[in-house]
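Notes to accompany the following structure.
Only the coordinates and a few stated rules stand behind these numbers; no lab work does. The model shown is predicted, which means the values in this text are computed figures rather than measured ones. With ideal geometry, Cβ positions are generated from the backbone for all residues, glycine too; neighbour counts draw on all protein chains shown.
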Amino acid sequence: MFPRLSNPEIRKLKAAAQRMKATFKVGKAGLSPQFLQSVDEGLKHHELIKVKFDEFKEQKKELAPMLAEKTSSHLIMQVGNVVVLYRQKPEAPTEPVT
């Protein structure tokens, strides 16, 4: 899988997420392949994103870990109808100096 985050890292990510607005909203389609693909794209550009559950509020406790698993991200926190996901950007390959 991917490495576990340390407690200081999680605290830092939670603090950064406090100032963010929800980037994605789970609507009537739920965790459709298109929604999962857009969240995956969002994580490629931004390591930390917020997802708000507009629909499926009763199932959010089951869906949030599933969303993190399907997008290969960490579920940082879940507050109310909002979850915060984190996926570290891959290291950019460095070109050898010739």
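Results for (1) β-branched (V, I, T); (2) surrounded by fewer than 15 Cβ atoms within 10 Å (Cβ to Cβ); (3) outside any loop (DSSP other than H, G, I, E, B); (4) touching a Leu at 6+ places or on another chain (Cβ under 7 Å), shown as yes or no for each residue.
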residue: G30; (1), (2), (3), (4): no, yes, no, no
residue: Q37; (1), (2), (3), (4): no, yes, yes, no
residue: K50; (1), (2), (3), (4): no, no, yes, no
residue: K61; (1), (2), (3), (4): no, yes, yes, no
residue: A64; (1), (2), (3), (4): no, no, yes, yes
residue: L75; (1), (2), (3), (4): no, no, yes, yes
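Counting only residues that are under 12 Å from the mean Cα position of the chain (by Cα) and either in a helix (DSSP H, G or I) or on the phi > 0 side of the Ramachandran plot (or both), segment 18-28 holds 0 of them.
The set of residues in segment 1-33 being hydrophobic (A, V, I, L, M, F, W, C) and in contact (Cβ under 8 Å) with a residue 24 or more places away in the chain consists of F2, L5, I10, L13, A16, A17, M20, A22, F24, V26, L31.
Would you call S38 out of contact with any strand residue (DSSP E or B) (no Cβ under 8 Å at 6 or more places or on another chain) and small (G, A, S)? Criteria not met by S38.
Of all residues in segment 76-86, those satisfying the criterion of being within 14 Å of F24 (Cβ to Cβ) and either of a type in the set (G, A, S) or without any contact (Cβ under 8 Å) to a residue 60 or more places away in the chain (or both) are N81, V83, L85. Only one of the numbered conditions (1) farther than 15 Å from K70 by Cα; (2) surrounded by 14 or more Cβ atoms within 10 Å (Cβ to Cβ) is not met by H45, and that is (2).
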